[in-house]
1. Only residues that are modelled with pLDDT of 85 or more and open to solvent by 30 Å² or more (accessible area, probe 1.4 Å): list them for segment 97-108, please.
2. What is the residue count in segment 194-220 for residues that are exposed (fewer than 11 other Cβ atoms within 10 Å of the Cβ) and not hydroxyl-bearing (Ser, Thr, Tyr)?
3. Any residue at all in segment 77-89 that's open to solvent by 30 Å² or more (accessible area, probe 1.4 Å) and touching a residue at least 40 places away in the same chain (Cβ under 8 Å)?
4. Can we say SER128 is at pLDDT 80 or above, out of contact with any strand residue (DSSP E or B) (no Cβ under 6 Å at 6 or more places or on another chain) and of a type in the set (Ser, Thr, Tyr)?
5. Test each condition in (1) modelled with pLDDT under 80; (2) surrounded by fewer than 15 Cβ atoms within 10 Å (Cβ to Cβ); (3) not hydrophobic (A, V, I, L, M, F, W, C) for SER182 and report the one that comes out false.
6. Of GLY202, GLY173, which residue is modelled with pLDDT under 85 and in contact with a His (Cβ under 9 Å, 6 or more places away or on another chain)?
7. Answer yes or no: is there a residue in segment 122-139 that is hydrophobic (A, V, I, L, M, F, W, C) and more than 27 Å from GLN103 (Cα to Cα).
8. Within segment 181-220, track down each residue that is of a type outside the set (A, V, I, L, M, F, W, C) and free of Cβ contacts under 8 Å to residues at least 24 places away in the same chain.
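The values are calculated or read from the model by the stated rules, or taken from the named source; none is laboratory data. In this text, all values refer to a predicted model and were calculated from it rather than measured experimentally. Neighbour counts run over all protein chains shown; Cβ positions are idealised from the backbone, glycine included. With ligands, DNA and RNA removed, areas are computed over all heavy atoms of the protein, side chains included. Shrake-Rupley method; radii C 1.70, N 1.55, O 1.52, S 1.80 Å.
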Amino acid sequence: LALSSLLFTWLIAIPLGILMAVYRNRLIDKLLSFISFLCLSVPSFFLAILLLYIVSIVGGLPLGGMASVQAQDMGFVGKFFDLLAHLIIPTIVISLGTMAGLQRVMRSNLLDVLGQQYILAARAKGLSENRVIFKHALRNAINPMITILGYHFSELLSGAALVEIICNWPGIGSLMLTAVRSKDVYLVMASMVMGGILLLLGNLLSDIMLAWADPRIRYE
């Protein structure tokens with residue numbers, strides 16, 4: 001669930017942030033800004049209850065859990081798609097708030113870079129707008145996003161306990177909440193240690209990605 005929400009968030013937030021920056025102060029920018037502020041203001045547990053209520057009326061998606069009752073009789077492909085169907089609602093709920101914040105950060109970073117003099121010089125040379133944005137501007141605007149990505153790895157174990165409980169998803173977040181309520185000190189300590197390890201690995205990965213994305217950064 002954490003990995004699916006991480007991929008879903010970043011694969012959508014960055015293109016939307018680029019789109020908002022390119023069409024700044026236009027209708028699509030204002031519409032996406034309104035949606036992002038709306039997603040930031042709605043609590044995740046309320047959104048989970050609302051989506052489950054809508055799905056219970058419309059149908060088409062599982063209402064909770066990690067697998068269907070008949071999943072044990074399915075093959076590997078059937079179990080895989082059954083798991084994907086159960087992932088849709090909790091992934092959307094967990095991702096929306098983070099996605100809204102990240103696309104705002106991406107928009108502001110890209111707008112800041114597009115105002116630099118070297119971008120004006122690149123446009124004066126006659127380069128196409130796509131080349132200016134994706135080759136020259138985006139590589140500089142993406143650096144803060146790579147740093148944020150490193151910190152998000154530490155959140156993989158914590159999950160979203162309330163969303164997991166509402167969606168009946170047997171995740172790490174709900175497990176840790178149960179451990180805290182039952183005073184299981186060892187399980188809580190193990191989770192804290194694993195969270196620290198993921199934070200270190202995430203920062204190491206972001207440093208490596210920064211060196212790959214920005215030729216000005218070297219670690220000799």
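1. ARG104, VAL105, ARG107, SER108
2. We begin by selecting, within segment 194-220, every residue exposed (fewer than 11 other Cβ atoms within 10 Å of the Cβ); these are 212, 215-216, 218-220.
Filter again for not hydroxyl-bearing (Ser, Thr, Tyr), leaving 212, 215-216, 218, 220.
Looking only at that region, the number is 5.
3. Among the residues of segment 77-89, not one is open to solvent by 30 Å² or more (accessible area, probe 1.4 Å) and touching a residue at least 40 places away in the same chain (Cβ under 8 Å), which makes the answer no.
4. yes
5. With (1) modelled with pLDDT under 80; (2) surrounded by fewer than 15 Cβ atoms within 10 Å (Cβ to Cβ); (3) not hydrophobic (A, V, I, L, M, F, W, C) applied to SER182, the lone miss is (1).
6. Working: GLY173 fails: in contact with a His (Cβ under 9 Å, 6 or more places away or on another chain).
Sole residue among the options that is modelled with pLDDT under 85 and in contact with a His (Cβ under 9 Å, 6 or more places away or on another chain): GLY202.
7. Going residue by residue through segment 122-139, those that are hydrophobic (A, V, I, L, M, F, W, C) are 122, 124, 127, 132-134, 137-138.
Keeping just the survivors that are more than 27 Å from GLN103 (Cα to Cα) gives 124.
For segment 122-139, residues hydrophobic (A, V, I, L, M, F, W, C) and more than 27 Å from GLN103 (Cα to Cα): present.
8. Initial filter on segment 181-220 (of a type outside the set (A, V, I, L, M, F, W, C)): 181-184, 186, 191, 195-196, 202-203, 206-207, 214-216, 218-220.
Correct list: ARG181, SER182, LYS183, ASP184, TYR186, PRO215, ARG216, ARG218, TYR219, GLU220.
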